[in-house]
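Working notes for the structure below.
The values are calculated or read from the model by the stated rules, or taken from the named source; none is laboratory data. Since we're looking at a predicted model, the values are computed, not measured. Methodologically, a virtual Cβ is constructed for each residue, glycine included, from the backbone with ideal geometry; neighbour enumeration extends over all protein chains shown.
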Amino acid sequence: MGAGNLGTALALSLGEAGYAVTQVVARGTPGSRRRAQMLARKIGGHVVITEKDEISAKVVWICVPDREIRNCAETLAAIGNWRGKIVFHASGALGSGELRALRKRGAAIASVHPLMTFVRGVVPTLTGVPFAVEGDVAAVRMARRMVRDLGGQSFAIRGDRKAAYHAWGSFASPLLVALLVTTERVAGEAGVSRAEARRRMLPIIRQTLANYAERGPDRSFSGPIIRGDGSTLEKHLRLLRKLPDARHVYLALARSALRSLPVKNREQLGKVLGRARSGR
C-alpha cells in the first residue's frame, strides 16, 4: 500500500524474491491511482481502492507517510475481514501500535523498516540491508522470513526506541547529504563550482568510507583535529564567518570529534572551539 519510492522498491524486490504481489492499494485520488497503476503493471498485480475494495492479500505492507499510517489502518479496518492477515507498516520512527485498529479486527501487526535510502528512479539492492522489526509474534515471524528471502538481515527494535533508531538512520543518509551540500558551499570559497566540487570530493569520500568500514572510526580519522593543530582550526573558523551555517556545522562536528575520537592537544583545541562558539 503506497506506490512511492519505498513501496515501489519493496514491491519490485519482493517480486524478484518469488513473492506474488497481487494488489497495489491506492486512494481514490487521480495521482494515487496513476502511481498504483504504473507499479501494478510492473509487477503483474492489480489496483484496489482503499475506500471501497476489499483486500484479499494475506500480507499487507503499508508504505505511506508516517502521518497517514494510523488513519490508513482505521480506514482499512472498516473494510473486509482481517482475521488471520498480517499487516506491516514501513515507518522507521513509529511503532506497530499505529496499526492497532487492524489488530482489533484480528490482524497480526508489526513495523518493518529497512535501513536504506530510497529515491525516485533507483531500486537499491536489499542484500545485506538491516531491517528493524517489532510487533506481534506471528507478524514478526513472517517479517523475518520475508526479510531473509529479500537477502536482508532483520533485527529486533523496541517500539519505544524507534525515534532514536530513525534519528540514527537520518544521520547516516539524509543528513549526510546535507553535510555534503554544505561542503559544496565551502568549496565555493576556494573558487570551485558545486558540480566540480562533487566530482573532486568523490575520491576522498570513498576512501574515508572504505577506511571507516575496514578500520573503524579511530583509525580512519585524519586532519588538523587529530594532529592537535589549533592554528589551522582558527584559520578555518575565520574563513567560515562568511558562511555562518557551515561554521555552525563545523563547530558541532569538531566538538563531537573532541569528545569521541583520538586527538592531540585536546585542551587547547577545546579552548579554540570555545572562543569560536562565543563569537570571539
Among the residues of the range 142-153, count how many are surrounded by 13 or more Cβ atoms within 10 Å (Cβ to Cβ) and either over 17 Å from the mean Cα position of the chain (by Cα) or outside the structural domain of LEU115 (by TED's automatic domain parsing) (or both). 8
Against the conditions (1) β-branched (Val, Ile, Thr); (2) exposed (fewer than 13 other Cβ atoms within 10 Å of the Cβ); (3) touching a Pro at 6+ places or on another chain (Cβ under 7 Å), where does ILE204 fall short? Just the number, please. (3)
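Okay, residues lined up against (1) in the same structural domain as ALA9 (by TED's automatic domain parsing); (2) closer than 23 Å to THR127 by Cα; (3) modelled with pLDDT of 95 or more:
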{"position": "ALA40", "(1), (2), (3)": "yes, no, no"}
{"position": "GLY45", "(1), (2), (3)": "yes, no, no"}
{"position": "ILE69", "(1), (2), (3)": "yes, no, yes"}
{"position": "HIS89", "(1), (2), (3)": "yes, yes, yes"}
{"position": "GLY106", "(1), (2), (3)": "yes, no, yes"}
List the pairs whose first member sits in the range 66-81 and is within 11 Å of LEU94 (Cα to Cα), whose second member is among the polar types (S, T, N, Q), and whose Cβ atoms are under 7 Å apart, counting only residues at least 6 apart or on separate chains? ASP66/SER91; ILE69/SER91
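Out of ARG199, ARG227, which single residue is among the basic types (Lys, Arg) and closer than 30 Å to ALA9 by Cα? Working first, answer last.
On the way: ARG227 fails: closer than 30 Å to ALA9 by Cα.
Criteria check complete, one pass: ARG199.
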Can you run down the residue pairs with Cβ atoms below 7 Å, 6 or more apart or on separate chains, where the first is in the range 112-129 and in contact (Cβ under 8 Å) with a residue 12 or more places away in the chain and on the phi > 0 side of the Ramachandran plot and the partner is part of a loop (DSSP other than H, G, I, E, B) and surrounded by fewer than 18 Cβ atoms within 10 Å (Cβ to Cβ)? GLY128/GLY151
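So which of GLU54, GLU74 is closer than 26 Å to ALA132 by Cα and either crowded, with 17+ Cβ neighbours inside 10 Å or in the same structural domain as GLY121 (by TED's automatic domain parsing) (or both)? Spell out how you get there, then give the answer.
Numbers: GLU54 fails: closer than 26 Å to ALA132 by Cα.
Going through GLU54, GLU74 in turn, the sole match is GLU74.
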Would you mention how many residues in the range 148-173 are among the aliphatic types (A, V, I, L, M) and either closer than 11 Å to VAL133 by Cβ or in contact with a Gly (Cβ under 8 Å, 6 or more places away or on another chain) (or both)? 2
